[in-house]
1. Kindly indicate whether Lys98 is charged (D, E, K, R) and assigned to a helix (DSSP H, G or I).
2. Output the residues belonging to region 57-68 that are outside any strand (DSSP E or B), under 12 Å from Arg45 (Cα atoms) and of a type outside the set (Lys, Arg).
3. Taking the options Thr59, Thr28, name whichever one is closer than 26 Å to Pro111 by Cα and at pLDDT 95 or above.
4. Within region 22-54, how many residues turn out to be part of a loop (DSSP other than H, G, I, E, B) and under 16 Å from the mean Cα position of the chain (by Cα)?
5. Answer yes or no as to whether Gly118 is on the phi < 0 side of the Ramachandran plot, modelled with pLDDT under 90 and assigned to a loop (DSSP other than H, G, I, E, B).
6. Exactly one of these conditions fails for Leu88: (1) surrounded by fewer than 15 Cβ atoms within 10 Å (Cβ to Cβ); (2) at pLDDT 85 or above; (3) outside any strand (DSSP E or B). Give me its number.
7. Any idea which of Asp38, Asp70 is under 13 Å from Leu90 (Cβ atoms) and not aromatic (Phe, Trp, Tyr)?
8. The conditions are (1) more than 12 Å from the chain's Cα centre (by Cα); (2) assigned to a strand (DSSP E or B), and Lys79 fails exactly one of them. Which is it?
Amino acid sequence: MDVTTSPTTKPKPRPRPQVMRLTEAAATRVRELTARTDSEIVGLRVGIKNGGCAGQSYTVEYAHDIKPTDEVVEDKGVKILVDPKAVLFLLGTEMDYKTDKMSAQFVFNNPNQTSACGCGESVQLTPAKIDG
């Protein structure tokens, strides 16, 4: 008899994939932002909102608390809270922080992004396909 199907043992749950990961630059920037706020911050909340030329855009805001429905991502010593409605759109995303002469911003390298507008402010995303 196979141990994983024995009536006396429970099947092991499949490990959940981490929704997002951060580059070292993004983690450093999150630490800087949370350290210099006037109020208690538990991390950054990341989500998706409808709007813009391509249909959707990323949102990043301070998180003062962890909601029961938040997907909590802990990476490189910082917390990112993902809005539950955005999880399938962000699955597999790498969050980076880039600076150049004209701007400094979080950048999302998202395998679920199918297109982006010319100005770079909005994107079109499809939900990730989950096996099983």
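1. Spelling it out, it is not the case that Lys98 is charged (D, E, K, R) and assigned to a helix (DSSP H, G or I).
2. Correct list: His64, Asp65, Ile66.
3. Being closer than 26 Å to Pro111 by Cα and at pLDDT 95 or above holds for just one of Thr59, Thr28, which is Thr28.
4. Number satisfying all stated conditions: 2.
5. For Gly118, the condition - on the phi < 0 side of the Ramachandran plot, modelled with pLDDT under 90 and assigned to a loop (DSSP other than H, G, I, E, B) - is met.
6. (1)
7. Step by step, each of Asp38, Asp70 is checked, and only Asp70 is under 13 Å from Leu90 (Cβ atoms) and not aromatic (Phe, Trp, Tyr).
8. Every condition holds for Lys79 apart from (1).
The values are calculated or read from the model by the stated rules, or taken from the named source; none is laboratory data. Computed from a prediction, not measured in an experiment: that's the story for all the values here. All Cβ positions, glycine included, derive from the backbone under ideal geometry; neighbour counts span all protein chains shown.
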